[in-house]
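Each remark here refers to the structure printed beneath this line.
The values are calculated or read from the model by the stated rules, or taken from the named source; none is laboratory data. Since we're looking at a predicted model, the values are computed, not measured. Neighbour counts run over all protein chains shown; Cβ positions are idealised from the backbone, glycine included.
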């Protein structure tokens, strides 16, 4: 199954030919190419988080999701995900005596090769975008990201939109 993904970056004079990998310690799903499933989320992220150049670019691409761990829509895969995160967190808590950071969890997954057999992870996080709160105190709309580990599963990557930051 394929999905369209939106990759948001600071605007550059030269268009990107491929997505930029995120290597930040606080990256939710570790070192990966991050895509939004909804264009509105990509735009919001660009307007509010990619301010360095004053403009942002949203790139679009087709992602082959046949071998992506779907923690959003697949209950069995979600339970597998939760089990692995909690197992790693408990292991690190026992070792260090404090709650692990995202970096520690992702480093453990990488060291143990937990995600080596998958091309990416589909994940839902909580949005701060007011568009997701049209009903007071009820976020009824999912904000979904895809962390792509295998760039060969991406095709038709192209600039989709350039906008101004807030």
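Please work out which residue is modelled with the lowest pLDDT, limiting yourself to the stretch 115-166 and to residues that are more than 21 Å from residue 19 (Cβ to Cβ) and in a strand (DSSP E or B).
Just the residues of the stretch 115-166 that are more than 21 Å from residue 19 (Cβ to Cβ), to begin with: 117, 126-142, 164, 166.
Filter once more, keeping what is in a strand (DSSP E or B): 135, 138, 164.
Values: 135: 77, 138: 74, 164: 92.
For the stretch 115-166, the residue satisfying everything is 138.
Of the residues 124, 128, 145, only one is within 13 Å of the chain's Cα centre (by Cα), surrounded by fewer than 17 Cβ atoms within 10 Å (Cβ to Cβ) and either within 19 Å of residue 41 (Cα to Cα) or touching a residue at least 60 places away in the same chain (Cβ under 8 Å) (or both); which?
Details: 128 fails: within 13 Å of the chain's Cα centre (by Cα); 145 fails: surrounded by fewer than 17 Cβ atoms within 10 Å (Cβ to Cβ).
The conditions single out 124.
Return a yes/no flag: does the stretch 6-13 have any residue that is in contact with a strand residue (DSSP E or B) (Cβ under 7 Å, 6 or more places away or on another chain), more than 20 Å from residue 142 (Cα to Cα), free of Cβ contacts under 8 Å to residues at least 60 places away in the same chain and surrounded by 15 or more Cβ atoms within 10 Å (Cβ to Cβ).
So far as the stretch 6-13 goes, yes, one or more of its residues are in contact with a strand residue (DSSP E or B) (Cβ under 7 Å, 6 or more places away or on another chain), more than 20 Å from residue 142 (Cα to Cα), free of Cβ contacts under 8 Å to residues at least 60 places away in the same chain and surrounded by 15 or more Cβ atoms within 10 Å (Cβ to Cβ).
Have a look at 69, 93 and point out the one that is in contact with a helix residue (DSSP H, G or I) (Cβ under 6 Å, 6 or more places away or on another chain) and either part of a loop (DSSP other than H, G, I, E, B) or farther than 18 Å from residue 156 by Cβ (or both). Step through it out loud before you land on a result.
Values: 93 fails: in contact with a helix residue (DSSP H, G or I) (Cβ under 6 Å, 6 or more places away or on another chain).
Of 69, 93, the one residue that is in contact with a helix residue (DSSP H, G or I) (Cβ under 6 Å, 6 or more places away or on another chain) and either part of a loop (DSSP other than H, G, I, E, B) or farther than 18 Å from residue 156 by Cβ (or both) is 69.
Give all pairs with beta carbons closer than 6 Å in which a residue from the stretch 97-110 that is closer than 11 Å to residue 29 by Cβ meets a residue that is at pLDDT 90 or above and assigned to a helix (DSSP H, G or I); count only pairs at least 6 apart in sequence or on separate chains.
Listed pairs, sorted by first residue: 105/88.
Results for (1) buried (at least 17 other Cβ atoms within 10 Å of the Cβ); (2) within 24 Å of residue 20 (Cα to Cα), shown as yes or no for each residue.
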{"site": "62", "(1), (2)": "no, yes"}
{"site": "66", "(1), (2)": "no, yes"}
{"site": "70", "(1), (2)": "yes, yes"}
{"site": "74", "(1), (2)": "no, no"}
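Which number in (1) farther than 14 Å from residue 123 by Cβ; (2) in contact (Cβ under 8 Å) with a residue 60 or more places away in the chain; (3) touching a strand residue (DSSP E or B) at 6+ places or on another chain (Cβ under 9 Å) marks the one condition that residue 48 misses?
(3)
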